[in-house]
1. For the range 106-121, indicate whether the set of residues that are over 19 Å from LYS207 (Cα atoms), part of a loop (DSSP other than H, G, I, E, B), in contact with a strand residue (DSSP E or B) (Cβ under 7 Å, 6 or more places away or on another chain) and aliphatic (A, V, I, L, M) is non-empty.
2. In this structure, is GLY120 open to solvent by 10 Å² or more (accessible area, probe 1.4 Å) and under 22 Å from PHE224 (Cα atoms)?
3. Does TYR269 satisfy the criteria of being among the hydroxyl-bearing types (Ser, Thr, Tyr), in contact with an Asp or Glu (Cβ under 8 Å, 6 or more places away or on another chain) and open to solvent by 30 Å² or more (accessible area, probe 1.4 Å)?
4. Do we find that ASN356 is surrounded by 15 or more Cβ atoms within 10 Å (Cβ to Cβ) and either over 16 Å from LEU89 (Cβ atoms) or of a type in the set (Phe, Trp, Tyr) (or both) in this structure?
5. Please give the number of the condition CYS280 fails out of (1) under 20 Å from SER196 (Cβ atoms); (2) in a loop (DSSP other than H, G, I, E, B).
6. Before we move on, is GLY11 at pLDDT 60 or above and not β-branched (Val, Ile, Thr)?
7. Looking at the range 295-315, I want the residues that are under 14 Å from ARG90 (Cα atoms) and have a partner that is at pLDDT 95 or above and of a type in the set (Asp, Glu) with Cβ atoms under 8 Å, at least 6 apart or on another chain. Which pairs are those?
8. Out of curiosity, is CYS255 within 25 Å of the chain's Cα centre (by Cα) and part of a loop (DSSP other than H, G, I, E, B)?
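The values are calculated or read from the model by the stated rules, or taken from the named source; none is laboratory data. Worth saying up front: this structure is predicted, and the values here are computed from it rather than measured. Note that we place each Cβ from the backbone using ideal geometry, even for glycine, and neighbour counts take in every protein chain shown. Surface areas here come from the heavy atoms of the whole protein model, side chains and all, with no ligands, DNA or RNA. Shrake-Rupley method; radii C 1.70, N 1.55, O 1.52, S 1.80 Å.
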Amino acid sequence: MLAVLIFGVLGREVVAGSCCWSKWGDASTCRRYPTGGSGGICGSDGRTKCSANTDCSVTPTPKPTPKPTPTPVPSPQPPTTRVPLYVVLRMDDVSLGWLSETQASVIDWSLKNDVKLVPGLVAGTYPNGPAVAWPTTCLTSPSDAYCDDMAVSAMYQAYKEGRVRTQANPNATIEIADHSYYHGIWRENFESTDGSFKTWVQEDMQKSTMQIRAAFPGASVRTFIAPENLADADTLAAMEANGLDIVSTQGTLGCNQPAGQPPLYNYNYAPCQHDGGADCVPPNDVYITSSGFQHVGSSNVFSMPCSSANSDIGLVDYGISAEATFGEGTCGCGTVESRSVCSIVSAAEGNAVKSNGVHWSVVMMHPQTAFNGQSYVEWLDEFLSVARASPTYDVQFVHFQDLADLVATAESEPLPSTYV
């Protein structure tokens with residue numbers, strides 16, 4: 001009998017509810033049986049009438065659904081800071097009647113991709129050069145002679161579409177530069193020893209600037225690209241007399257060379273180098289300060305030499321690959337692909353030392369440059385992809401006139417005897 005009683009008590013503890021006939025036990029059995037109650041009452045609530053335990057079955061309180069463990073959200077990573085790199089695409093030798101299709105394709109590519117370009121216009125005639133000067137009537141009389149030349153047509157179309165830089169439109173795609181009038185005989189006059197170049201260059205500059213400004217009224221023409229990168233103090237004087245204040249010659253550098261001494265400093269070839277001097281190196285060989293770009297000597301001219309090229313630096317007919325031209329990770333001019341190469345990155349790093357940390361490079365280009373298995377436009381497409389994919393540099397294509405507005409955020413100590 002005792003065994004049966006124990007089994008009964010244990011049974012009431014196991015079942016979900018107990019039908020109670022009196023008050024006894026704990027809350028899991030019959031403690032809630034009401035005082036004065038009679039008959040069977042469920043012990044689970046002390047109210048419900050029952051005659052058997054099955055009348056008091058209680059739905060188990062469901063276990064709470066565990067909250068899902070939240071997926072950790074990765075902490076935002078700071079954006080990778082790329083170094084601003086200002087690049088001027090300088091296209092020399094844009095002229096009438098010579099490789100016109102190539103010239104036009106480069107201009108059209110620039111407009112299509114909205115990549116700033118500086119065509120250097122050869123405005124006049126010379127032996128073995130253009131038969132006539134650059135036409136000036138194509139805007140009003142497009143059927144005039146030579147207006148249908150592809151290069152001429154491309155330039156005028158850009159102008160009519162408002163894509164040529166003016167004072168009112170500094171964000172246009174094309175900046176027109178003067179590349180002389182008598183381009184083909186520039187060197188022989190520059191190297192004359194009788195002092196005649198001083199007068200000759202004044203005439204050349206006057207005629208070229210007048211021709212270009214007549215052809216493109218209102219265009220902001222401030223830049224002179226010296227033929228074969230040859231210029232001197234007489235060139236600067238002629239420029240100022242004709243409303244030009246930016247000269248582009250050549251200033252190439254080696255890798256981490258000692259800063260050197262004036263006048264040539266550490267250039268492989270210095271800006272306006274001639275007869276042991278260099279007339280276009282800025283004060284203390286520093287281009288950009290916290291006050292902006294420095295003028296050359298006592299002039300009001302800014303010097304912005306080409307320091308890189310998309311060809312062999314000395315043999316412009318021979319093009320180099322887009323990757324070699326950009327030159328991520330390179331240092332100084334050197335030999336690449338069996339060519340003398342001065343890359344954009346190496347030039348910008350060298351210029352940054354001379355510009356209080358501002359990275360910039362002027363890229364010399366020519367219509368006659370041939371690329372292995374590529375048209376000029378195909379090369380430009382690849383080059384643009386390479387430049388924009390750089391993990392280190394934020395490449396910004398600019399004009400010479402944009403460079404003139406750059407300001408260094410802080411000034412470095414004087415140049416050390418060697419770059420570090």
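1. So far as the range 106-121 goes, yes, one or more of its residues are over 19 Å from LYS207 (Cα atoms), part of a loop (DSSP other than H, G, I, E, B), in contact with a strand residue (DSSP E or B) (Cβ under 7 Å, 6 or more places away or on another chain) and aliphatic (A, V, I, L, M).
2. Judged against the criteria, GLY120 is not a match.
3. So TYR269 does not fit the description; no.
4. yes
5. If we test CYS280 against (1) under 20 Å from SER196 (Cβ atoms); (2) in a loop (DSSP other than H, G, I, E, B), just (1) comes out false.
6. No, not satisfied.
7. Close Cβ pairs satisfying both conditions: SER311/ASP317.
8. Taking the combined requirement at face value, the residue satisfies it.
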